[in-house]
Amino acid sequence: MFGFSLGISETYMNILVKTLEWATLNIEQANAEEEKVNASACNGLIQRENRSMEKELEELRRSRPKPPVGGDFTFSDCFYFTRRGIESIVDDEVTQRFTSEELVSWNLLTRTNNDFQYISLKMTLVYGLGIFVRYCILAPLRITLACIGLTWLVIGTSAVGFLPNCRVKFWLSEWVHVMCYRICARGLSATICYHNRENKPKKGGICVANHTSPIDIVILCNDGCYAMVGQVHGGLMGIVQRAMVRSCPHVWFERLEMKDRHLVTKRLKDHVNDKTKLPILIFPEGTCINNTSVMMFKKGSFEIGATIYPVAIKYDPKFGDAFWNSSKNSMVSYLLRMMTSWALVCNVWYLPAMHQQEGEDAVNFANRVKSAIAHQGGLVDLQWDGGLKRAKVKDTFKEQQQKKYSSMVVGDDSSSNSD
């Protein structure tokens with residue numbers, strides 16, 4: 001809470017790591033052959049080379065004589081396209097990003113091993129002891145700490161809000177925010193390793209990061225204070241938002257204002273142009289992805305012209321699944337699941353500041369930042385829109401893919417006709 005540790009968390013993590021290593025060793029010894037199958041299955045249902053269809057089709061057609069008429073297409077190409085189509089249906093690279101990450105070895109959590117099989121009496125006893133520890137000891141302590149953190153956030157920020165605008169108020173506001181997030185992080189048994197802190201976001205800039213969970217905010221704010229951007233809510237969330245904005249200039253929008261791109265852009269520009277205000281924290285993906293990849297960044301935050309501070313976040317799934325599948329789990333059930341996990345372990349990398357280059361549009365700038373985050377975090381860089389979790393593919397994108405497919409089928413037919 002105050003920036004130092006009593007060593008309790010470190011001791012707990014050391015015991016936990018040794019326990020999971022012991023469990024993994026016992027599982028491997030119990031059924032080594034099954035472990036090999038599971039390990040290969042986690043890499044994908046279908047083993048295929050990371051090559052484009054154009055290159056594969058070009059090599060396929062190069063290995064056979066070219067038809068005298070009709071371009072490059074032959075009837076045998078149907079088998080290739082059928083195979084690729086079935087591969088995409090069975091193991092596509094989009095929908096699997098919206099489900100929990102597969103584990104190579106069981107981590108003694110029922111939610112990660114639905115097809116539980118008896119291994120040994122010793123393993124069963126350890127599993128039962130783990131349930132007791134997680135639900136009867138850790139969960140009550142974590143829920144208590146979370147309630148203390150949120151209560152302190154509302155009381156502390158409300159009290160600071162009564163002070164006049166001055167350096168003391170801003171310092172107290174940051175101190176209250178960071179202390180609250182550190183209490184909440186302790187409530188999740190969070191072990192966070194920050195890398196390259198010299199690249200931490202500075203005032204007047206925009207911090208962009210990949211998005212796995214709402215807890216991403218707690219993870220980042222545990223090491224510094226940020227200005228939040230979001231929609232105004234009611235209920236408990238609304239009380240927290242109103243308390244926070246009293247002490248710190250967060251950027252909250254009404255529901256109708258969120259649809260006005262010009263108003264949103266103007267509010268964000270006004271914030272970053274004031275170099276005394278905290279950096280804005282934005283997750284450009286717009287939805288949670290399952291800790292394996294980074295999907296398309298929305299271009300809005302890259303049109304402002306501010307300095308971009310990329311941050312890569314990577315969780316260790318061995319200790320608990322941090323991914324929030326909002327279409328399947330409510331926020332309350334998700335938080336309860338996290339509070340009954342072993343721990344929350346993650347790495348955070350601060351990347352060097354990036355600026356929009358001359359002649360570079362917002363889309364290319366966003367893709368360049370996304371690629372840097374994916375490379376640093378060891379994540380897969382995907383061009384697909386994370387909005388596909390709930391929405392259908394746009395017709396324009398379908399037409400683009402149909403034209404691309406048509407050009408591959410026809411091949412050099414147009415050139416042969418011109419001859």
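Quick notes on this structure:
- Test result for ASN165, on the phi > 0 side of the Ramachandran plot and either at pLDDT below 90 or open to solvent by 20 Å² or more (accessible area, probe 1.4 Å) (or both): no
- Within the stretch 366-392, the set of residues being among the hydrophobic types (A, V, I, L, M, F, W, C) and either surrounded by 13 or more Cβ atoms within 10 Å (Cβ to Cβ) or within 17 Å of the chain's Cα centre (by Cα) (or both) comprises ALA366, VAL369, ALA372, ILE373, ALA374, LEU379, VAL380, LEU382, TRP384, LEU388.
- Filter result (closer than 23 Å to VAL294 by Cβ and at pLDDT below 70) within the stretch 69-92: SER88, ASP91, ASP92
- Of all residues in the stretch 188-204 being open to solvent by 40 Å² or more (accessible area, probe 1.4 Å) and either part of a loop (DSSP other than H, G, I, E, B) or aromatic (Phe, Trp, Tyr) (or both), the one that is nearest to TYR12 (Cα to Cα): ASN196
- Out of VAL348, VAL369, VAL363, sole residue that is under 22 Å from ASN291 (Cβ atoms), in a helix (DSSP H, G or I) and modelled with pLDDT of 90 or more: VAL369
- With respect to the stated conditions, LEU141 is on the phi < 0 side of the Ramachandran plot, part of a helix (DSSP H, G or I) and surrounded by 12 or more Cβ atoms within 10 Å (Cβ to Cβ).
- Residue in the stretch 320-338 that is touching an Asp or Glu at 6+ places or on another chain (Cβ under 7 Å), assigned to a loop (DSSP other than H, G, I, E, B) and aromatic (Phe, Trp, Tyr) present: yes
- If the condition is being free of Cβ contacts under 8 Å to residues at least 60 places away in the same chain and either open to solvent by 50 Å² or more (accessible area, probe 1.4 Å) or within 22 Å of GLU198 (Cα to Cα) (or both), then the stretch 302-331 contributes GLU303, GLY305, ASP316, LYS328, SER330.
- Listed by first and then second residue, the pairs linking a residue in the stretch 168-187 that is within 15 Å of ILE148 (Cβ to Cβ) and open to solvent by 10 Å² or more (accessible area, probe 1.4 Å) to a residue that is among the aliphatic types (A, V, I, L, M) and in a helix (DSSP H, G or I), with Cβ atoms under 7 Å apart and 6 or more places separating them unless they lie on different chains, are TYR181/VAL218; ILE183/LEU145; ILE183/ILE148; CYS184/ALA146; CYS184/VAL218; ARG186/LEU145.
- Qualifying residue in the stretch 264-284 (condition: at pLDDT below 85, aliphatic (A, V, I, L, M) and open to solvent by 10 Å² or more (accessible area, probe 1.4 Å)): yes
The values are calculated or read from the model by the stated rules, or taken from the named source; none is laboratory data. Please read all numbers here as calculations on a predicted model, not as lab measurements. Cβ: placed from backbone, ideal geometry, glycine included. Neighbour counts: every protein chain shown. Only protein heavy atoms, including side chains, enter the accessible area calculation; ligands, DNA and RNA are left aside. Shrake-Rupley method; radii C 1.70, N 1.55, O 1.52, S 1.80 Å.
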